[in-house]
Structures are given as C-alpha cells and as structure tokens.
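Scroll down for the structure; my scribbles are underneath it.
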Amino acid sequence: MIETLHSYRGYVFSIHYAPKEPSFTVDFPDLRDIITSGDTLTEAFENACEALDLHLESLQKLGMRKPPAKHRIVVKSA
C-alpha cells in the first residue's frame, strides 16, 4: 500500500493506494465522519477537498463548531 499526506483548510488527510476498487481511499484523522475515495490520485484529492468543504458547511448550518485540527504535516530537512 502507498500513502501520501496532504493538507487542506488546516486539516491533514492521507490518500491510500491499493490495487483494488476503489484504488484511492481518503482518511481524515481529525474528522472520522468523512469517507471518500477516487479512481485516480487527482480524483481522490478533489473528492477529499469537496467532502471537507461540505462537512464544514453542514456543521456551520447546524450551528456546530468545527473540530480543532490536531494533526499537522511536519517536514524535516536532512
């Protein structure tokens, strides 16, 4: 399995690749309610961003606070 890390709107998410359908699945460690995937890495990334936008919009409409982002991407130089 291959995993890539990304960040959008302050939230970290990972995209996992496995040679099965769907090929690319997305995981938001701070937002376990978001579930999405894609047939390509690009599609999975776009779906992740859209899913996060819709989730945060729904929380706002319901008068709920968005959860704090606890995970961060850390880049280390050699």
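Laboratory data are not the source of any read-out in this text; all were calculated from the coordinates shown. These numbers come from a predicted model, not from an experiment. Cβ placement follows ideal geometry from the backbone for every residue including glycine, while neighbour counts extend to all protein chains displayed.
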Legend entry - Ascending count of other beta-carbon atoms within 10 Å, so fewest first, for L56, L41, L5: L5, L41, L56
Legend entry - About the Cα centre, charge dipole magnitude for the chain (Lys/Arg +1, Asp/Glu -1 at Cβ), debye: 520 debye
Inset, instruction - Return the Rg/Rh value of the chain, two decimal places, where both radii are evaluated on C-alpha atoms and Rh is the Kirkwood radius. - result: 1.01
Inset, instruction - Taking the Cβ of each residue in F45, F28 as the centre, tally the other Cβ atoms inside 10 Å and list the residues starting with the fewest. - result: F45, F28
Legend entry - C-alpha long axis of helix 41-61 to longest principal axis of the chain, angle in °: 10 degrees
Inset, instruction - Starting with the fewest neighbours, write out L31, L59, L54 ranked by other beta-carbon atoms found within 10 Å of each beta-carbon. - result: L54, L59, L31
Inset, instruction - Just name one of V26, L59, Y8: the one whose Cα is farthest towards the positive end of the charge dipole of region 2-61 (beta-carbon charges, Lys/Arg +1, Asp/Glu -1). - result: L59
